[in-house]
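The values are calculated or read from the model by the stated rules, or taken from the named source; none is laboratory data. Here the structure is a predicted model, which means the values were calculated and not measured. Cβ placement follows ideal geometry from the backbone for every residue including glycine, while neighbour counts extend to all protein chains displayed.
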Amino acid sequence: MSFNIAIDGPAGAGKSTIARAAARSLGFLYVDTGAMYRAIALYLLRHHVQPDESEKIEELLKDMTIRINYVNGEQQIIMNNENVTGLLRAEEVGNMASRSSANPKVREKLLQLQRDLARDNDVIMDGRDIGTFVLPNADVKVYLTASVEERAKRRYVELKEKGIETDMETIEKDIRDRDYQDMNRTIAPLKQAEDAILIDSSKMTIKEVMDRIVDAFQESLKLKG
């Protein structure tokens, strides 16, 4: 029987970094659902389709294939036979993903793929609605958050390291806008599952957060055993 860990939280809380490190430590597969939504967002951007054009989106998705490969344990997103992993972190793609993910057809496109991965493997899966919707029976659920200011600072450093010019005010506004979109969408909004462990990473190191998750895993394992 597979063991599933669900990590939810707002943009920039460190979900991907923490989940990837914890998966490596535990020998689990890391499933980045946000990257899947970003792949669809990239597809929509390439076809100049807006997130509220539901009929166009439904038609486009019929011609889109998406699958996941793992290379040295790292998730690769393959869209229509193209590896688009390296194109998914652009700010434009992230903003489109936040808006287009509210479309039920977009979510339907990815839901079964995500659940199949969790059924067949020990996984750590992160996103916005994993513990509340995608994997409601996950063995361990975590809601990982941080202050808007801290998340903006992390994003600013990340972009500067990539040589991308930006400013804190713009990043903070983008984060607040995405939080609002994610928390107020009609389908599977971002919220903490009732049985999730709340972790505020604002003043914690990656190791401290990861240790909390590993401890929760070990405790759950004892209860199951």
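Those residues that are modelled with pLDDT of 90 or more and either part of a strand (DSSP E or B) or closer than 21 Å to Gln181 by Cβ (or both), I need them from the stretch 34-46; list them, please. Please lay out each step first, then the result.
Of the stretch 34-46, the ones modelled with pLDDT of 90 or more are 35-46.
Ala35, Met36, Tyr37, Arg38, Ala39, Ile40, Ala41, Leu42, Tyr43, Leu44, Leu45, listed by residue number.
Considering the stretch 179-200 alone, what residues qualify as being of a type in the set (Val, Ile, Thr) and in a strand (DSSP E or B)? Write out each step before concluding.
Here is the first cut: in the stretch 179-200, the ones of a type in the set (Val, Ile, Thr) are 186-187, 197, 199.
Matches in the stretch 179-200: Ile197, Ile199.
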Count - residues of the stretch 1-19 that are free of Cβ contacts under 8 Å to residues at least 40 places away in the same chain and either within 22 Å of Val148 (Cα to Cα) or in a helix (DSSP H, G or I) (or both): 0
Matching entry among Glu150, Glu169, Glu165 (being at pLDDT 95 or above, over 24 Å from Asn4 (Cβ atoms) and surrounded by fewer than 19 Cβ atoms within 10 Å (Cβ to Cβ)): Glu150
Output for the stretch 66-101, where each listed residue is modelled with pLDDT of 90 or more and not hydrophobic (A, V, I, L, M, F, W, C): Gln76, Asn80, Asn81, Glu82, Asn83, Thr85, Gly86, Glu92, Ser100
Failed item, numbered, when Glu108 is tested on (1) part of a strand (DSSP E or B); (2) of a type in the set (Asp, Glu); (3) surrounded by fewer than 20 Cβ atoms within 10 Å (Cβ to Cβ): (1)
All positions within the stretch 36-56 that are of a type in the set (A, V, I, L, M) and surrounded by fewer than 22 Cβ atoms within 10 Å (Cβ to Cβ): Leu42, Leu45, Val49
In the stretch 118-137, residue nearest to Asp52 (Cα to Cα) [restricted to those that are surrounded by fewer than 20 Cβ atoms within 10 Å (Cβ to Cβ) and not charged (D, E, K, R)]: Phe133
